[in-house]
1. Out of these labelled values of volume of the Cα convex hull per residue in Å³, [x] 114; [y] 106; [z] 84, which was calculated from the coordinates shown here?
2. 222 nm [θ] for the chain, helices only, -39500 (n - 2.57) per DSSP H run of 4+, per residue, to 500?
3. Can you list the HN-Hα couplings for segment 80-96, worked out from phi with the Karplus curve (6.51, -1.76, 1.60; θ = phi - 60°), rounded to whole Hz and with x for Gly and Pro?
4. I'd like the Karplus ³J(HN,Hα) series for segment 97-105: coefficients 6.51, -1.76, 1.60, θ = phi - 60°, whole numbers in Hz, and an x wherever there's a Gly or Pro.
5. When we measure straight from the Cα of LYS51, which lysines land under 24 angstrom away, once same-chain ones fewer than 8 places off are left out?
6. When the chain is treated as a GNM, springs tying every alpha-carbon pair under 10 Å, which of TRP48, TRP62, TRP16 comes out with the largest mean-square fluctuation?
7. Order by neighbour count: PHE89, PHE35, fewest other Cβ atoms within 10 Å first, most last.
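What follows is calculated from the coordinates using simple rules that are stated; it is not laboratory data. All values derive from a computational prediction rather than experimental measurement. Counting neighbours? That spans all protein chains shown, and the Cβs are built from the backbone with ideal geometry, glycine included.
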Amino acid sequence: MPWIILLISAVFEAVWATALGMSNGFSEPGPTVVFLVALAISMAGLGWAAKHIPIGTAYAVWVGLGAALTVFYAMFTGGESVSALKIVFLAGIIAAVVGLKLVPEKTEPAPE
């Protein structure tokens, strides 16, 4: 469950980052409200997930996936150009995020 919450939080990070760009310096009320709500949800989810996943891993997954989703959305909507190299590097971010999930956690030895 912590990983699912973390992934949802990363999606909300992409939402708030996109809304931030659309808020025109917080002068547009709609995107500003979306920014604030998505930011609160994203941070709350990251905070909860970090109780169950090491903070370094949780933060790297949250920011990496959020950033990749933000760029993918911008490319999809025409706000950013699409290139083969961008796709390759975004795939690298996604691969790194998946890799962090797949790396086994170090377990502490049982107390004697």
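1. Label [y] holds the value from this structure.
2. My calculation for the chain gives -26000 deg cm²/dmol from helical runs alone.
3. 9, 6, 9, 8, 4, 5, 4, 4, 4, 5, 5, 4, x, 4, 4, 4, 5
4. Per residue, the Karplus-derived 3J(HN,Hα) values read 4, 4, x, 4, 5, 7, 5, x, 6 Hz.
5. LYS101, LYS106
6. Taking springs between Cα atoms under 10 Å, the residue moving most is TRP48.
7. PHE89, PHE35
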